[in-house]
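The values are calculated or read from the model by the stated rules, or taken from the named source; none is laboratory data. Here the structure is a predicted model, which is why all the values come from computation and not from measurement. Every residue, glycine among them, receives a Cβ derived from its backbone with ideal geometry; neighbour counts consider all protein chains shown.
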Amino acid sequence: MIDILIDAIKQIWEFALIVSPWLILGFLFSALIHAFIGERFIRQHLGSGGFSSVWKATVFGIPLPICSCGVIPLAAGLRKDGASKAATMSFLVSTPTTGIDSIFVTYAFLGATFAIVRPISALVGGILVGTLVSLLVKRDDEKVDLKPASERPVSLKDRLVDGFKYGFGVLPEDIGKTVMVGVLLGGAISAIIPQDISQEYLSNPVIAYPLVLLISVPLYVCAIGSVPIAAAMMTKGLMPGAALAFLIAGTATNAVAIAFVAKKFGKNVIAIYLLSIMALAVAFGLLLDSLLGGAVAKDMLFKGRDLPFLLQLACLILFVGLVLRGSLGTKEKGMPEAKFTFHVPDMECKHCQMKVEQAVKELPGVRNVEVLLGDNLVKVDGEVDEKSIEEKLEKAGYKATKRE
């Protein structure tokens with residue numbers, strides 16, 4: 001038992017060292033994407049109907065480092081802004097499946113093949129789901145406002161400051177816990193599961209693929225946190241294709257996203273969504289297995305080990321520091337006075353908190369805004385009316401109820 005515990009600690013430490021440099025690199029690119037592209041830009045390009053909106057929604061969603069919980073209100077906001085059902089579903093599928101940060105981490109753990117195939121699967125998945133929804137689901141009759149929201153000019157300095165606040169502030173706090181959970185689970189799997197037993201079952205596609213789908217479809221796991229788990233399962237004999245199926249289905253679907261799609265779009269869309277993702281995961285997995293032709297997993301895994309130890313250690317310390325700074329620096333004291341207080345139940349992450357705060361601050365007359373994420377409350381002070389705040393939050397994808 002002691003030997004297993006020591007081995008698990010060693011594996012967790014090694015996984016943490018591997019992931020950290022690529023996370024920091026991912027944060028940097030995410031900061032630049034947020035600064036120069038951002039969600040406003042995306043909203044303004046998804047109003048048109050037809051196939052063009054489907055592929056735009058898919059392409060725009062792939063590099064964004066937004067997890068499954070953060071993408072739901074964003075998708076709801078896009079829909080409210082006039083994006084079609086097809087475009088919204090494309091965005092909902094492609095965005096959480098991968099991101100610029102998870103691509104780097106995927107290379108570090110699983111190698112170049114996975115790092116290339118994973119975003120391709122997100123592209124195909126988004127286009128597939130969006131196209132099927134466009135062809136098979138009746139279009140809405142209601143008219144929606146397709147005019148882009150007005151945006152005041154922003155200087156280069158302000159864009160960079162905002163981008164780096166997001167990349168090295170919001171993002172580490174948002175995904176830090178899920179990354180750590182992924183590292184812990186990956187290390188535990190590597191140390192605890194017997195090699196001979198897992199090799200017998202996980203290398204059999206008849207068992208591996210249904211098992212992976214059964215676990216991954218309802219499971220909430222972010223694009224980065226899923227990678228150490230997939231790598232650990234591959235060290236125990238899981239077929240590379242089944243590992244890819246886990247990465248696709250585990251990030252593109254989860255219980256919360258399924259409930260959201262069912263409520264907003266109906267049973268036809270939910271059927272297309274789930275069946276398409278499961279079929280896509282299996283198809284890409286089998287294709288990967290055939291292309292690799294029985295390649296040995298150990299030759300593909302842990303490319304991140306090649307980096308110098310001091311660089312890995314420095315990045316690990318930086319990553320932990322960023323997560324702790326965000327967690328310790330967001331104690332919610334509450335404004336002493338506020339004209340309005342709203343309950344916003346759909347706020348679930350730091351990304352949601354940032355979106356809500358930015359949306360309310362854009363309203364003329366708002367002097368002060370405080371978002372209490374733990375209590376799901378938004379406090380607003382200034383010369384602004386209640387209805388304007390509710391409409392602004394609803395447009396951003398969040399339902400708000402005024403507290404007396």
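Quick rundown of the values:
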quantity	calculated
Residue that is nearest to A115 (Cα to Cα), among those in the range 56-81 that are modelled with pLDDT under 75 and touching a Cys at 6+ places or on another chain (Cβ under 9 Å)	C67
Per-region count, the range 172-188, residues under 12 Å from H351 (Cβ atoms), modelled with pLDDT under 85 and in contact with a helix residue (DSSP H, G or I) (Cβ under 6 Å, 6 or more places away or on another chain)	2
Condition broken by I207, with the remaining ones in (1) hydrophobic (A, V, I, L, M, F, W, C); (2) surrounded by fewer than 18 Cβ atoms within 10 Å (Cβ to Cβ); (3) under 29 Å from S84 (Cα atoms) satisfied	(3)
Criterion violated by A223 - all others in (1) of a type in the set (G, A, S); (2) over 22 Å from W22 (Cβ atoms); (3) at pLDDT below 90 satisfied	(2)
The lone exception for P228 - which of (1) at pLDDT 90 or above; (2) within 27 Å of L128 (Cβ to Cβ) it fails	(2)
I189 vs. criteria more than 30 Å from K85 (Cα to Cα) and in contact with a Lys or Arg (Cβ under 8 Å, 6 or more places away or on another chain)	yes
Subset tally (residues that are outside any strand (DSSP E or B), without any contact (Cβ under 8 Å) to a residue 60 or more places away in the chain and not aliphatic (A, V, I, L, M)) for the range 354-404	19
Filtered residue count, the range 385-397, keeping only those that are at pLDDT 85 or above and buried (at least 16 other Cβ atoms within 10 Å of the Cβ)	4
Hey, I258 of a type outside the set (K, R) and buried (at least 20 other Cβ atoms within 10 Å of the Cβ) or not	no
Residue in the range 69-77 that is assigned by TED's automatic domain parsing to the domain that holds P172 and either touching a strand residue (DSSP E or B) at 6+ places or on another chain (Cβ under 9 Å) or not in a helix (DSSP H, G or I) (or both) present	no
Selected residue (criterion: surrounded by the fewest Cβ atoms within 10 Å (Cβ to Cβ)) from residues of the range 81-136 that are of a type in the set (S, T, Y) and more than 21 Å from L171 (Cα to Cα)	T113
Filtered residues of the range 137-168 (kept if surrounded by fewer than 11 Cβ atoms within 10 Å (Cβ to Cβ), outside any helix (DSSP H, G or I) and modelled with pLDDT of 85 or more)	none
Some residue of the range 359-372 being of a type in the set (D, E) and either in the same structural domain as F164 (by TED's automatic domain parsing) or farther than 21 Å from C67 by Cβ (or both)	yes
